[in-house]
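The values are calculated or read from the model by the stated rules, or taken from the named source; none is laboratory data. Since the model is a prediction, treat every value here as computed from it, not as a measurement. Note that we place each Cβ from the backbone using ideal geometry, even for glycine, and neighbour counts take in every protein chain shown. What goes into the accessible areas is simple: the full protein's heavy atoms, side chains included, and nothing from ligands, DNA or RNA. Shrake-Rupley method; radii C 1.70, N 1.55, O 1.52, S 1.80 Å.
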Amino acid sequence: MSADLEHSSGPASQAVANDYDSFAEAYAAETESNLINGYYTRPAILDLAGDVTGRRILDVGCGAGPLLAALRDRGAIVTGIDPSVKMLDLARQRLGDGTALHQGGLGADPLPFPDAAFDDAIACLVLHYLEDWKAPLAELRRVLVPGGRLIVAVNHPFVYHLIRPEGDYFATEQWTDEYTFNGQPAVLTFWHRPLHAITSEFTAAGFRIAVVSEPPPAPVAREAFPDLVTSPSGYILCYLFFVLEAA
């Protein structure tokens, strides 16, 4: 699940950080077709996934299921998992009761899937919520077939420097911001890692880095958001994308 980068940098409110159950409907409505999610993040993931016909794909942090729906439309056999009950309810409304949806997340317990259950796994804007990546990446590696792909999107590490210039870019640091989704306030807490720490985590977990991508928004974004996307350099590189191959 991702967050639009429109935020306020003041002190966090009394809301519980990362409590997606408390703003699930507002988040789903806001991110359905906005610039950062609808015209940037999801198109980038789908481009990296390529031809997914017949591939078994796990979407970790599937949220309300827009990426699952797009992958299924392209012929993939999809499974979603998310810690938010309300997000999963929205995903079921979108995808139907026959879709494999599970409550859970990365970091606390093992994923509820057997070894080598998937050809691909997608962790789109999930890992940057976690301080420890070792166990989550090991689980993702476990559920992939040998040679399977892990497609990842995380906060671009340079964005931390822009938003928190007083922070230490070279450290692993926690930071919190307030957001507004469809008029509803929310608090999100992230863990920043410098680029070298991100890549080291991937290789230590047994993945080969096949692709590193800093894509622009989808071409049609210029028509949908003419005032926001005015030139190739007229936006912030919000996220960093990877395609990793399991050894």
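For region 89-197, what is the accessible area per residue in Å² when the probe is 1.4 Å?
Here the residues of region 89-197 average 44 Å² of exposed surface.
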What is the spin-label model distance, in nm, from ASN182 to ALA197 if the labels are put 7 Å beyond Cα along the C-beta direction? 3.4 nm
Which percent, nearest 5, of DSSP beta bridges in the chain are antiparallel? 55 percent
Amide H partners (placed H, <5 Å) of CYS124, local residues excluded: VAL60, ALA153
What ³J(HN,Hα) values, in whole Hz, does the Karplus curve 6.51 cos²θ - 1.76 cosθ + 1.60 give for region 105-113 when θ = phi - 60°, with x put for Gly and Pro? x, 9, x, 8, 10, x, 5, x, 9
Log10 I(q)/I(0) at q = 0.14 Å⁻¹ for region 122-207, from Debye over equal alpha-carbon scatterers, is -0.55
Three principal axis lengths of region 116-157 [C-alpha, angstrom, descending]: 29, 17, 12
So what is the relative contact order for the chain, in percent, with contacts set as C-alpha pairs under 8 Å and at least six apart? 24 percent
Is region 63-196 rounded, prolate or oblate when judged by the Cα gyration tensor, a ≥ b ≥ c being the square roots of its eigenvalues, rounded requiring a/c under 1.5 and prolate requiring a/b larger than b/c? oblate
A convex hull over the alpha carbons of region 31-98 yields, per residue, a volume in Å³ of 81 Å³
Fully extended, how many nm does the chain gain between LYS134 and GLU32 (0.36 nm per residue separation, minus their Cα-Cα distance)? 33.6 nm
Report the FRET efficiency, 1/(1 + (r/R0)^6), for THR53 and ILE209, where r is their Cβ-Cβ distance and R0 is 35 Å, rounded to 0.05. 0.90
Ignoring ligands, DNA and RNA, what percent of the accessible area of the chain is carbon or sulfur (1.4 Å)? 53 percent
Hey, with R₀ at 25 Å, roughly what FRET efficiency would ALA108 and LEU228 work out to, going by the Cβ-Cβ distance, to 0.05? 0.10
For ALA210, residues with placed amide H under 5 Å, excluding near neighbours: VAL243, LEU244, GLU245
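With n ≥ 4 as the cut-off for DSSP H runs, can you work out [θ] at 222 nm for the chain, using -39500 (n - 2.57) per run divided by the number of residues, rounded to the nearest 500?
Rounded to the nearest 500, it is -7500 deg cm²/dmol.
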